[in-house]
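These notes concern the structure reproduced below.
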Amino acid sequence: MLKTHIPSHCTEQPTTGMRPAWKQLAAIGVLASQALFAGHLQAAEDARSLPSLQPFADPYHDLVADAGYVEKTAQINDVTFSYVEGPDNGPPLVLLHAQLMDWFSYSRVMPELAEHFHVFNIDYPGHGETTTPATYPMNANRIGTDLAAFIDSKIGEPVHVTGNSSGGLLATWLAAYRPDLVTSALLEDPPLFSSEYPRITETIAYRAFRTSHTAVTVDHPSDFLLYWIDANGDFFRNNIGPGTPFLLTQAVKMRRLTHPNQPVEVGILRDDTIRLLVRGLDMYDPRFGAAFYDGSWNAGFDHATALAQISAPTLLMHANTTIMEDGTLNGAMSQDEADLAVSLLQNGSYVQVAADHVVHLDDPQEFLRIALAFFLPTQQ
């Protein structure tokens, strides 16, 4: 259900078949989804080959709880932040998920991270159970300011920070404009430069931002997840099977009926990444994506200026990217944009990974290897 916001509270070569089409469909956020779908939903000749609508329980809920994480809320300015805090086993580490996702997208790496850090996994405005006023400005400067206030208030000391996609942009903002709060930053495939207007109009993500923009400016749906499924119905019918939108819609409704007031996680989707994307869409505020479509999200947040101001050690992680035949960017950054970003950093380094956009879901062990070596080099 679409939340009411009130004060109270991706260097890969193109392949044939389904993969490019899924990428084209799913680029709804700042690359948060264009690589999410890539290759993750197994193609079906027709809707009958999809799994049945069986009850589903993600085993990582228990693994995260066993690792000592506790769900919490914090009132910061006009934002009621939802976050998950781990045990105090080391220096503080802030996690900022990709657009469309929520804190649980990090579940595959959270148990091991808890062994080395004091983890704060935050749903930033527009996502998860975090709530804001209806008039809250969805832009980097406001969200970054409120995240900094959260760190000041709830953590009280400088942090390591890693963010994926839009979360990577927010990690960039924090490192640039609140250097007193950031010890080091790992930027996981952020859309640096590519999400700035008008460059964003040359990316595959921009095509899908239209869904959020239309929802906010024209249709005003009360249920964005079901609206999103319907908006992409022709793709589902043409590429998977004629009954696919119906099956997915019924799976969502059944989950809500059997698990009221809980995030939507459906077993009909065979892949972790896709399931967690649908979970995130269930709680997503489309005003966030609409702000990328009209350019307002980056207003006053110049990426080149911000990168040049960062003095803390910063690692830019670059995931799979392709350029389509018409020149459209299908990924978070082109190689030129990634190279420019690193060149602007005062203390920057770069790593390219053969993984899709949400690296910590597509290849959690590689993400952990890189993150631990970067944040805790003396322990490796």
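The values are calculated or read from the model by the stated rules, or taken from the named source; none is laboratory data. All of these numbers come straight from a predicted model, not from anything done at the bench. For neighbour counting, all protein chains shown are included, and Cβ atoms are generated from backbone atoms with ideal geometry for every residue, glycine included. The protein model used for the area step is the full one, side chains on, heavy atoms only, and it has no ligands, DNA or RNA in it. Shrake-Rupley method; radii C 1.70, N 1.55, O 1.52, S 1.80 Å.
Does Thr305 satisfy being surrounded by fewer than 20 Cβ atoms within 10 Å (Cβ to Cβ), β-branched (Val, Ile, Thr) and within 27 Å of Glu196 (Cα to Cα)?
yes
Counting just the residues of region 117-146 that are touching a Leu at 6+ places or on another chain (Cβ under 9 Å) and among the β-branched types (Val, Ile, Thr), which one comes out surrounded by the fewest Cβ atoms within 10 Å (Cβ to Cβ)?
Residue satisfying both the conditions and the ranking: Ile143.
Given Arg256, Arg270, which one is in contact with a Pro (Cβ under 9 Å, 6 or more places away or on another chain) and open to solvent by 20 Å² or more (accessible area, probe 1.4 Å)?
Arg270
For region 185-206, give me the residue count where each residue is open to solvent by 10 Å² or more (accessible area, probe 1.4 Å) and within 28 Å of Thr162 (Cβ to Cβ).
6
What about Ala149, is it modelled with pLDDT of 95 or more, open to solvent by 10 Å² or more (accessible area, probe 1.4 Å) and among the small types (Gly, Ala, Ser)?
yes
Can you name the residue in region 262-281 that is of a type in the set (Lys, Arg) and within 16 Å of the chain's Cα centre (by Cα) and is also nearest to Ser82 (Cα to Cα) among such residues?
Arg279
If Thr214 satisfies all but one of (1) open to solvent by 80 Å² or more (accessible area, probe 1.4 Å); (2) at pLDDT 95 or above; (3) of a type in the set (Val, Ile, Thr), what's the number of the condition it fails?
(1)
Take the residues of region 329-351 that are closer than 26 Å to Thr201 by Cβ and either aromatic (Phe, Trp, Tyr) or surrounded by fewer than 16 Cβ atoms within 10 Å (Cβ to Cβ) (or both): which is nearest to the chain's Cα centre (by Cα)?
Per the stated criteria, the residue is Gln335.
If Leu368 satisfies every condition in (1) in contact with an Asp or Glu (Cβ under 6 Å, 6 or more places away or on another chain); (2) assigned to a loop (DSSP other than H, G, I, E, B); (3) of a type outside the set (Gly, Ala, Ser); (4) closer than 20 Å to Val161 by Cα but one, which is the exception?
Failing condition for Leu368: (2).
For region 135-156, which positions are out of contact with any strand residue (DSSP E or B) (no Cβ under 9 Å at 6 or more places or on another chain) and of a type in the set (A, V, I, L, M)?
The answer is Met138, Ala140, Ala148.
Take Phe193 and decide whether it is among the aromatic types (Phe, Trp, Tyr), under 19 Å from Met101 (Cβ atoms) and either out of contact with any strand residue (DSSP E or B) (no Cβ under 9 Å at 6 or more places or on another chain) or at pLDDT 95 or above (or both).
So Phe193 fails the test.
Can you find a residue that is of a type in the set (Val, Ile, Thr), modelled with pLDDT under 95, more than 24 Å from Ala354 (Cα to Cα) and open to solvent by 10 Å² or more (accessible area, probe 1.4 Å) anywhere in region 220-231?
Checked region 220-231: no residue is of a type in the set (Val, Ile, Thr), modelled with pLDDT under 95, more than 24 Å from Ala354 (Cα to Cα) and open to solvent by 10 Å² or more (accessible area, probe 1.4 Å).
Looking at region 352-375, which of its residues are surrounded by fewer than 16 Cβ atoms within 10 Å (Cβ to Cβ) and of a type outside the set (D, E, K, R)?
Gln352, Ala354, Gln365, Ala373
If only one of Met317, Met333 is touching a strand residue (DSSP E or B) at 6+ places or on another chain (Cβ under 7 Å) and not in a loop (DSSP other than H, G, I, E, B), which one is it?
From the options Met317, Met333, the qualifying one is Met317.
Counting only residues that are open to solvent by 10 Å² or more (accessible area, probe 1.4 Å) and in contact with a Leu (Cβ under 9 Å, 6 or more places away or on another chain), which one in region 165-180 is nearest to Phe150 (Cα to Cα)?
It comes out as Arg178.
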